[in-house]
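Below: one structure, written as structure tokens.
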Amino acid sequence: METNLGVIREIFQPKSYINRLSIKEDLSIKPVIRNVLILLVFFVFTSFLYSMIGYRTEGITTELSKEPNSYIETLQWLHTFGMILKAIVYPLFYLVITSLTLHLFFREISIKVLFYIGQYFLVFMFLYQTIHLILFHYWGIPVISSPFSLGVVMQIVTDKSFVINLSSYVNLFYLGGVALLILLINQQTERRVLHTSLYIIGIHLLLALIGACLSIINVDALLL
């Protein structure tokens with residue numbers, strides 16, 4: 001019971017826990033690992049639900065309508081496996097890359113503090129994924145048309161897939177996560193807020209560019 005309460009306190013009182021990490025350098029990294037594993041379980045579960053409701057499987061059933069049902073079902077299960085694998089790899093990739101990159105710019109901050117701070121962005125990612133799951137299931141709204149992002153606006157302005165996918169990353173949850181990272185990291189350094197903001201925004205802009213490039217790749221076509 002105390003362990004569960006500790007997790008709740010860490011979520012809603014990140015500053016106090018991060019300060020303890022900063023002061024006591026030999027503090028165990030186990031809470032960070034535990035929280036990441038819990039988040040990965042949530043990511044995998046929501047990704048499985050995505051695949052079950054047919055998210056991004058339209059191309060499989062449309063292009064292979066003349067193929068045997070068993071073949072189509074195999075591809076759908078491969079698609080499910082791919083989504084689950086993505087749910088594990090993407091958060092870990094984000095956490096490791098951002099923590100290591102930020103440590104290059106903020107040597108005065110312990111790497112485990114940066115790992116801990118990075119978890120909060122994963123929480124924002126999970127919240128957005130969950131809300132979009134509801135939007136897609138009940139109203140069929142794809143991620144690029146989410147009412148919480150600029151993607152729906154850019155579809156009116158341009159028809160370029162890359163621009164639309166890139167703008168879809170500019171959503172309230174992504175911005176909220178970046179803002180929280182700036183706040184928490186700024187509390188651990190004596191640098192100006194502007195410098196901290198530029199580093200963090202620059203890293204996440206680069207990640208958004210990479211994500212936009214991956215989003216426009218037709219994975220189903222590559223499999224076929």
Can you compute the modelled spin-label distance between Gln155 and Val193, with each label point 7 Å from Cα toward Cβ, in nm?
3.6
Label-point separation in nm, Leu85 to Trp139, each point 7 Å along Cα→Cβ
3.3
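Quick note: the coordinates plus some simple rules give every number you see, no bench work behind them. Not measured: the values here are computed from a predicted model. Glycine gets a Cβ as well: all are built from the backbone with ideal geometry, and neighbour counts include every protein chain shown.
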